[in-house]
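The values are calculated or read from the model by the stated rules, or taken from the named source; none is laboratory data. Every value quoted in this text rests on a predicted model; they were computed, and no experiment measured them. Cβ: placed from backbone, ideal geometry, glycine included. Neighbour counts: every protein chain shown. Keep in mind that these areas ignore ligands, DNA and RNA; they rest on the heavy atoms of the full protein, side chains included. Shrake-Rupley method; radii C 1.70, N 1.55, O 1.52, S 1.80 Å.
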Amino acid sequence: MLTRTVCGALTRRFASTAAAVRPQAAEVRSQRNAVFSREQARQRALYPRIEKIEVNMEGPGLDGTLLVMNRGMSTPLSCARHLTEYHVTNSVLALVDGELWPLHQPLTDSCSLKLLTFKDSDPTLVNQAYWRSCTALLGQVLETAFKDDFTVELLNTPEVPVTSGAFCCDVVLDPQLDSWTPSEESLRSLTRAAQQLIHQDLAWEPLEVLTSVALEVFSHSRCKQEEVEQKAAESPRGTVMLYRCGDHVLLSGGPLVARTGLCSQYEVTALHSLGQGPWGLHRRAQGLSLPLQLQAHHTVWRKLRQRAEKLVEVPRTEEASPPSPPDSSSKDSS
């Protein structure tokens, strides 16, 4: 793993000292999972009795199809399972009464439902969700690649269009790594970690929560708490959307695709230094991916990869600088 590559250049004395004054990464993941599971159970308990809803299916060959499903329990994926194997394996997102809807999010009322795939005549919304999901996967890899030896803080990365050539994930690594420049082997190690998650075909479980719940989930990250408050302020309902993939809980500004197995060709291509920022040395990890239904010949992939290695410029937005960078004494607010 990447940890062994990095630790070869740094002394373990510093790593053990840092680990002693901050929560272990496994402990933080466990706490986030516990809060997510508790809130998920609370929301499911809001529907103690089975009530039926009618779902009118839309799409090629489905117009006029009516499904009777369970309110607060059935999801768009549940509906797909009543159709064909094609709909189960190829559906990426759904439109519920015209609103983008994750495949694993329960339906709460009678509605119209259209399943979206990468092969639709206009896959713009699906492509955006796929790019966003690839970023989420990259963040999950970065957060776990260094084990407990070094801290990793995922930053709020503005979305970039697919036409930018690479998806991006901004991150601040432990200050001990400020002088570290990742090698090609380090990037390959990150790629292998991502491919393992893809092979596991993990679901991205959505959960819409109130600000107070999201702040508790990210009680060890002042950076994420600021992002929660920002997204909640921009939301008409004052809520934020969390996702869980395996044991990784993340905050998302838009819907993600159904599962990691929808990714196929996936490669981490670069880790650029962006210079000092409010939280430390900001870096931009980048990658390239194509979904399972869209494959590229190796010569085409090589050209796409070369482009994805170049720094993606993200338009700067006004950011309120935090009063001070995150530290171990202020992270644990639970």
Accessible area per residue, Å², the stretch 256-313 with all protein chains present, probe 1.4 Å: 45 Å²
Could you give me D for the chain, from Stokes-Einstein at 10 °C and 1.306 mPa s, where the hydrodynamic radius is the Kirkwood radius over C-alpha pairs? Units µm² s⁻¹, please. 75 µm²/s
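Among DSSP bridges having both ends in the chain, what percentage is antiparallel? Round to the nearest 5. Mind dumping the intermediate values first?
Numbers: 45 of 49 bridges.
Close to 90 percent.
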Which of MET73, TYR243, THR144 sits closest to the plus end of the dipole of the chain, meaning its Cα is farthest towards the positive end, when Lys and Arg get +1 and Asp and Glu get -1 on the C-beta? THR144
When the dipole is taken about the Cα centre of the stretch 227-306, and only Lys, Arg (+1) and Asp, Glu (-1) are charged at their Cβ, what size is it in debye, to the nearest 20? 300 debye
For the chain, calculated [θ]222 nm from helices alone, where every DSSP H run of n ≥ 4 adds -39500 (n - 2.57): -11000 deg cm²/dmol
Note to self: C-alpha centroids of the stretch 80-113 and the stretch 159-233 sit apart, in Å, by 26 Å
For helix 222-234, what angle does its Cα long axis make with the longest principal axis of the chain, in degrees from 0 to 90 and rounded to 10? 30 degrees
Which distance in nm do the two modelled labels at SER121 and ARG42 give, with both placed 7 Å along the Cα-to-Cβ direction? 4.5 nm
MET73, MET57, MET241, reordered so the largest accessible area comes first (probe 1.4 Å): MET73, MET241, MET57
Exactly which trypsin sites (Lys or Arg not before Pro) in the stretch 99-169 are in a DSSP loop and have at most 15 other Cβ atoms within 10 Å? LYS119
Quick one: pull the percent of accessible area on the stretch 81-124 belonging to carbon and sulfur, 1.4 Å probe, ligands and nucleic acids left out. 48 percent
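Assigning unit charges at the beta carbon (Lys, Arg +1; Asp, Glu -1) and nothing else, what dipole magnitude in debye, to the nearest 20, does the chain show about its Cα centre? Could the numbers behind the result be given before it?
Numbers: 34 positive and 38 negative charges, 157 e Å.
The dipole magnitude comes to about 760 debye.
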Using 0.36 nm times the number of residues separating ARG307 and ASN56, minus their current alpha carbon distance, what extension gain do you get? 86.0 nm
If I fit a long axis through the Cα atoms of helix 124-145 and take the longest principal axis of the Cα atoms of the chain, what angle between them do I get, 0 to 90°, rounded to 10? 40 degrees
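So what is the accessible area of the stretch 48-168 per residue, in Å², with the probe set to 1.4 Å? List each step's numbers first, then the result.
Working: 5380 Å² over 121 residues.
Heavy-atom SASA per residue in the stretch 48-168 reads 45 Å².
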Degrees, to the nearest 10: 25-44 long Cα axis against longest axis of the chain: 20 degrees
